[in-house]
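These notes concern the structure reproduced below.
Coordinate-derived values only; no laboratory data. On a predicted model such as this, the values are computed, not experimentally measured, just so you know. When we count neighbours, we look across all protein chains shown, and the Cβ atoms used for this are built from the backbone with ideal geometry, even at glycine.
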Amino acid sequence: MSFLMAAVVFVGALCMLDLVLTLGVIKRLREHSELLSGVSGPGSRFDTLDMAVGEEVGEFATSTVDGEPLTHEMLAADTLVAFFSPGCQPCKEKMPKFVDYARTLPGGREQVVVAVVGDPAEAAAFVAELSPVARVVVEEAPDEPLSAAFRARSFPTLLRVAPDGHGRIQVTANRVDLDRPVTAAR
C-alpha cells in the first residue's frame, strides 16, 4: 500500500513540474513572438538588424518619386535613411513620429532619404506623408538598388549615414531614437 501511495505522490510531483515548465515555455514563446513581430520599446536593440555602425553602404543609383536622381555620392554628412513597408504594422505606428522627427532635422528634406518597399499602389499613402520631409524612393522588392545597398531586410529600419575621411559612406548610427530632440551634427 505504501508503494502505491509513493507512486501517486511521484506522479503528482512530476505533473506539477511539467506544468511549471510548460508555463515557462509559453512565456518565452510570447516574448519571442513580440520580438519577431517588431513590437519593442524605443531605443531597443531590435530597431535594425541589417547594418552595423561603421559598415560601408553599397553603391546605388535610383530616382525619387519626384524624378530626382539619387546616388551613393549624393548622401551628405549626417543623412537619415529609413526603410518602411506598407504592410508593416510597426512601420505604420512609427510613421508619425518619424515625420515629426524628420521635419526638425537641420538641412531639411535634403538630409532625409526614405525607401518605401512594397506594392507601389499600397505605398501611395506613405509617399504622400513622407514627401514633404524626405526624398522618397519606392521599391517593389528588397533587391532593388537602395534596399540592396543598405541590405534592408527588416522594417522599419532607421539609420544615420555620413562619409568618412576617405569619402566612403558609412553607417554612423543604426538606432535612431525618434523621441530624442534633434541635435546638430558633430
Report summary line: Between the Cα axis of helix 2-36 and the main Cα principal axis of the chain, the angle (0 to 90°, nearest 10) is 10 degrees
Report task. With N denoting the number of residues in the range 86-149, provide Rg(C-alpha) divided by 2.2 N^0.38 Å, to two decimal places. Result -> 1.08
Query - Integer Hz, Karplus 6.51/-1.76/1.60 couplings in order for the range 56-68, x for Gly and Pro - result: 7, 7, x, 7, 7, 8, 8, 10, 7, 5, 8, x, 7
Report task. Could you work out the Kirkwood radius for the range 53-186, taking every pair of different alpha carbons, averaging 1/r and inverting it, reported in Å? Result -> 14.6 Å
Query raised in the report: Could you give the angle, 0 to 90 degrees to the nearest 10, between helix 120-130's Cα long axis and the longest principal axis of the Cα atoms of the chain?
Result: 70 degrees
Report summary line: Once Lys and Arg are counted +1 and Asp and Glu -1 for all other residues with Cβ under 14 Å from that of Thr22, the total becomes +2
Report task. Would you mind checking the tilt of helix 89-103 against the longest principal axis of the Cα atoms of the chain, expressed as 0 to 90 degrees and rounded to 10? Result -> 40 degrees
Report summary line: With 0.36 nm assigned to each residue of separation and the Cα-Cα distance removed, Ser63 to Glu93 gains 8.1 nm
Report task. Taking DSSP loops as anything outside H, G, I, E and B, show the longest stretch in the chain free of GluC sites (Glu not before Pro) there with at most 13 other beta carbons within 10 Å. Result -> 60-139
Report summary line: Residues meeting the amide H criterion for Glu139 (H placed from the backbone, H to H distance under 5 Å, 5 or more places apart or on another chain) are Val116, Val117, Gly118
